[in-house]
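The structure appears right after this line, and notes come after that.
The values are calculated or read from the model by the stated rules, or taken from the named source; none is laboratory data. Bear in mind that the values here come from a model prediction, so they are computed numbers and not experimental data. Note that each Cβ is placed from the backbone with ideal geometry, even for glycine, and that neighbours are counted across all protein chains shown.
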Amino acid sequence: MNQQEAANRISHLREELEKHNYNYYVLNIPEIDDYTFDQLMAELIGLETQFPEFSDANSPSQRVGSDLSQEFKQVAHKYQMLSLSNTYTEEEIQEFDQRIRKLTDETFEYVCELKFDGTSISLTYENGLLTRAVTRGDGEKGDDVTSNVKTIKSIPLRLKGDYPAEFEIRGEILLPFSVFEALNSEREEIGEQPFANPRNAASGTLKLQNSSIVSSRKLDAYLYYVLGDNLPDDGHYELLQHAKSWGFKISEHTRKCQTLQEIFDFLHEWNTKRKDLPVATDGVVIKINSTRLQQELGFTAKSPRWAIAYKFKAERVSTRLNSVSYQVGRTGAITPVANLEPVLLAGTVVKRATLHNADVIKSLDLHLGDQVYVEKGGEIIPKIISVDMASRHPMSEPVLFIERCPECNTQLIRLDGESANYCPNETGCPPQIKGKLEHFISRKAMNIDGLGSETIELLFQKNLVRNIADLYDLKLTDIVDLDRMGEKSATRILDSLSTSREVPFERVLFALGIRYVGETVAKKLARELKSIEQIENATLEQLTGVEEIGGKIAESIINWFANDQNRLLIERLKNHGLLFEVKTEQKEGQTEKLKGLSIIISGTFEKFSRDDLKAFIELHGGKNVSSISAKTSYLVAGDNIGPSKLEKAQKLKIPIISEDELLQLTN
Ligand code: IVH
């Protein structure tokens, strides 16, 4: 390669890597897998070494990615949080070993551990108490996410045993596969884009502003690195065992190795066994055990000399793309699915792969008949990674996203800022109608016993139901005649519909199937606005004043009520006796001392948990709000209050009070 060619290639690689860094760290929507990213990075580093005249302090090779975000206080790391260099072959591990042996004559041991594929965290403990949790950020400083991390049950808030007075411990926060799958199906239910993989879901969750939602997401954490000045042992492995006795979750699958062969055995063993683990792993980390020797060897600019990551190669096969079909969800979102020539991958026959949305098809530049690479990573559902361009037939047709709904032929729309295409024919498109009915009767919504998707299908085919209100017009004679239905089952369905009149308002609201109104949002709306009339008449500002509700959700609610057919639906359901307001029962200790006050709480408190404090405010008639506006009556400030909130409150001259002062307001 001559100088000019190198310059061109370097500038191309830098652009590409910057783009992928942004997709990964900022947008949380990676377009390429780690392996491809690392290959591009390795090529860039190689060229930059070969042609030092093109070096650049701002090249993507010079930095570790950043996950810093605006809303959290940023704090400097006491010890830099560097990443590891990645390898993919045993030869590279051999080279790593040789590099170390050139730097030291002493005999030493290695430790092999699993490389957990989540989001990294650094925890500080002082006198046995968790005092701070910080994300990696740019390696120098990270986001203070202490209040969110405190919700993770496997992270001890108070240590046991004989721990050092002050130390840091680092590890990985993960979302177990089972929780990830449940979370994604819930998101798809309400029309939200699912997370691409458990890692994105974990990092997205950790950055949520509301720690009660973080708590409900059931994150988990494995710790793998103890740092400090007065640690009880020299050995990294031994320190981890100590950490285990202090109450940390340490992987059981960590092993000391003396030889390269033992390391390779560990790699082979876990390449398969990792598939049985409840959380995602993407490789093995090999570290020198002695922390004294670690210190002697030190770091290069980006990573330690005493450790290396071996990345598992995701299983990948090549197969033919036969066609693309399109599925219509309950909310009208269209999901493209690739139909593949059946192929064996990681033990199962793969025939289909999700393509997510039109952007994915475009970025892959898919053509019909393409030979595509399919991979099964942590995400379980196979996906197309890339196209073998060399084998593409010159006459092949590009895959063009459909313009009309495959089910009802309505022109599709794409909303601003969203990646999905929608069929807007909410009330006339069969899968949307059936999907809405299925959602309405589901366990978490109206919980109509005896009614399932098969019966819904039959009722739809017989033209007996076209919307959720029609369910309440059903008669015994309508149902009894359906296939495989007897009088007993039919009566059970009618009874269950009848008792659904007792279902609390928040669940009825969820059952309506308004886009983005999931269980949590419905609960918050119902508790705050109390009745369907209040919600229907709320302005955008009133809706966004409710905790958890942003512009996107508020707009979706307003649009839903703007539709006459939806309002008619509510009228009919009301006539059938469904609950459309919060039933208020007098609670013990209830007063109206905070009536008319909009209160925002920020930080952590001594006497109350955040949720209890909010419940206390409600008990005394106050309203909890999540964002500060000129209308906010008080900001109740706890420890570690968010700096942006504090600044805004001061700017708007909102009175800032303590937990005790709030108590005084209610005597
Ligand atoms: S040790 C200085 N051990 O992988 C090295 N890292 O690319 C400190 N990771 O940022 C890291 N499992 O988020 C270490 N058993 C393990 C790991 C691990 C996952 C992550 C960690 C780190 C990244 C390095």
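Residues of segment 330-369 that are modelled with pLDDT of 95 or more, assigned to a strand (DSSP E or B) and within 16 Å of S386 (Cβ to Cβ): A338, L340, H367. Pairing each residue of segment 205-224 that is of a type in the set (S, T, Y) with any residue that is in a helix (DSSP H, G or I) and within 16 Å of the ligand (Cβ to nearest atom), provided the two are 6+ apart or on different chains, yields C-beta distances under 8 Å for Y224/L240. What number goes with the only condition from (1) under 19 Å from V226 (Cβ atoms); (2) at pLDDT below 95; (3) within 12 Å of the ligand (Cβ to nearest atom); (4) of a type in the set (S, T, N, Q) that S245 does not pass? Here S245 clears every test but (3).
For segment 439-459, the set of residues classified as surrounded by fewer than 19 Cβ atoms within 10 Å (Cβ to Cβ), under 29 Å from the mean Cα position of the chain (by Cα) and of a type outside the set (S, T, Y) consists of R443, K444, N447, listed by residue number.
Being touching a strand residue (DSSP E or B) at 6+ places or on another chain (Cβ under 8 Å) and under 19 Å from L543 (Cβ atoms) is a property that does not hold for I601. Whether a residue is modelled with pLDDT of 95 or more and away from the ligand (no atom under 14 Å from the Cβ) was assessed, and I100 passes this test. Scanning segment 239-261 for residues that are among the β-branched types (V, I, T) and within 31 Å of the chain's Cα centre (by Cα) gives I250, T254. Taking helices (runs of 4 or more DSSP H) as the structural unit, those lying wholly within segment 460-563 and holding at least 3 residues that are of a type outside the set (F, W, Y) and modelled with pLDDT under 95 correspond to 476-480, 487-499, 519-529, 540-544, 551-562.
Criterion first (among the polar types (S, T, N, Q) and at pLDDT 90 or above) does T49 satisfy it? The answer is no for T49.
For every residue, the table says whether it meets (1) in a helix (DSSP H, G or I); (2) within 16 Å of the ligand (Cβ to nearest atom); (3) of a type outside the set (G, A, S).
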residue: A182; (1), (2), (3): yes, no, no
residue: G191; (1), (2), (3): no, no, no
residue: Q209; (1), (2), (3): no, no, yes
residue: Y222; (1), (2), (3): no, yes, yes
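Just give me the residues in segment 547-566 being in contact (Cβ under 8 Å) with a residue 24 or more places away in the chain and either exposed (fewer than 14 other Cβ atoms within 10 Å of the Cβ) or of a type in the set (F, W, Y) (or both), in sequence order. Within segment 547-566, W560, F561, N563, Q565 qualify.
Here R316 passes the criteria (1) within 12 Å of the ligand (Cβ to nearest atom); (2) assigned to a strand (DSSP E or B); (3) not β-branched (V, I, T) except the one numbered (1).
Each residue in segment 486-525 was checked for being acidic (D, E) and either within 22 Å of E454 (Cβ to Cβ) or crowded, with 19+ Cβ neighbours inside 10 Å (or both), and 3 pass.
Among the residues of segment 75-93, write down those that are more than 16 Å from the ligand (Cβ to nearest atom) and loosely packed, with under 13 Cβ neighbours inside 10 Å. Passing the criteria: A76, T89, E91. Against the list (1) of a type in the set (S, T, Y); (2) touching a Lys or Arg at 6+ places or on another chain (Cβ under 6 Å); (3) surrounded by fewer than 15 Cβ atoms within 10 Å (Cβ to Cβ), the condition T331 fails is (3).
The test for being loosely packed, with under 15 Cβ neighbours inside 10 Å and closer than 17 Å to V226 by Cα does not hold for E238. Applying a threshold of 7 Å to beta carbon distances and a minimum spacing of six or more residues, or different chains, the list of pairs starting in segment 168-179 at a residue that is over 14 Å from A201 (Cβ atoms) and ending at one that is in a loop (DSSP other than H, G, I, E, B) and not small (G, A, S) reads E168/K78; E168/Y79; I169/F248. Quick one: is K256 under 17 Å from L114 (Cα atoms) and assigned to a strand (DSSP E or B)? Yes: the conditions hold for K256.
It is to be established whether one or more residues within segment 168-177 are surrounded by fewer than 21 Cβ atoms within 10 Å (Cβ to Cβ), under 17 Å from T281 (Cβ atoms), away from the ligand (no atom under 16 Å from the Cβ) and under 21 Å from the mean Cα position of the chain (by Cα). Yes, there is a match, as at least one residue in segment 168-177 is surrounded by fewer than 21 Cβ atoms within 10 Å (Cβ to Cβ), under 17 Å from T281 (Cβ atoms), away from the ligand (no atom under 16 Å from the Cβ) and under 21 Å from the mean Cα position of the chain (by Cα). Would you be able to say whether some residue in segment 643-662 is under 30 Å from A445 (Cβ atoms) and among the charged types (D, E, K, R)? No: zero hits. Where helices (runs of 4 or more DSSP H) sit wholly within segment 588-667, those with at least 1 residues that are modelled with pLDDT under 85 and farther than 23 Å from E528 by Cα occupy 643-651. Please enumerate the residues belonging to segment 41-60 that are under 34 Å from the mean Cα position of the chain (by Cα) and either surrounded by fewer than 18 Cβ atoms within 10 Å (Cβ to Cβ) or outside any helix (DSSP H, G or I) (or both). Within segment 41-60, A42, E43, I45, A57, N58, S59 meet the criteria. Within segment 311-318, identify whether any single residue is surrounded by fewer than 17 Cβ atoms within 10 Å (Cβ to Cβ), under 30 Å from E403 (Cα atoms) and polar (S, T, N, Q), and answer yes or no. Yes; the residues of segment 311-318 include at least one that is surrounded by fewer than 17 Cβ atoms within 10 Å (Cβ to Cβ), under 30 Å from E403 (Cα atoms) and polar (S, T, N, Q).
Scanning segment 126-151 for residues that are touching a Lys or Arg at 6+ places or on another chain (Cβ under 9 Å), assigned to a strand (DSSP E or B) and away from the ligand (no atom under 16 Å from the Cβ) yields E126, L129, L130, D144.
Which of the residues that make up segment 361-401 are free of Cβ contacts under 8 Å to residues at least 40 places away in the same chain, under 20 Å from D282 (Cα atoms) and crowded, with 17+ Cβ neighbours inside 10 Å? The answer is P382, K383. Within segment 520-550, being in contact with a Lys or Arg (Cβ under 6 Å, 6 or more places away or on another chain) and either within 24 Å of N447 (Cα to Cα) or not hydrophobic (A, V, I, L, M, F, W, C) (or both) holds for E547, E548.
Kindly indicate the residue of segment 474-485 that is farther than 11 Å from L464 by Cβ and over 44 Å from the mean Cα position of the chain (by Cα) and also surrounded by the fewest Cβ atoms within 10 Å (Cβ to Cβ) among those meeting that condition. Ranking the candidates gives L476 first. Residues in segment 259-290 that are outside any strand (DSSP E or B), within 16 Å of the ligand (Cβ to nearest atom) and of a type in the set (V, I, T) were compared, and the one that is farthest from Y110 (Cα to Cα) is V279.
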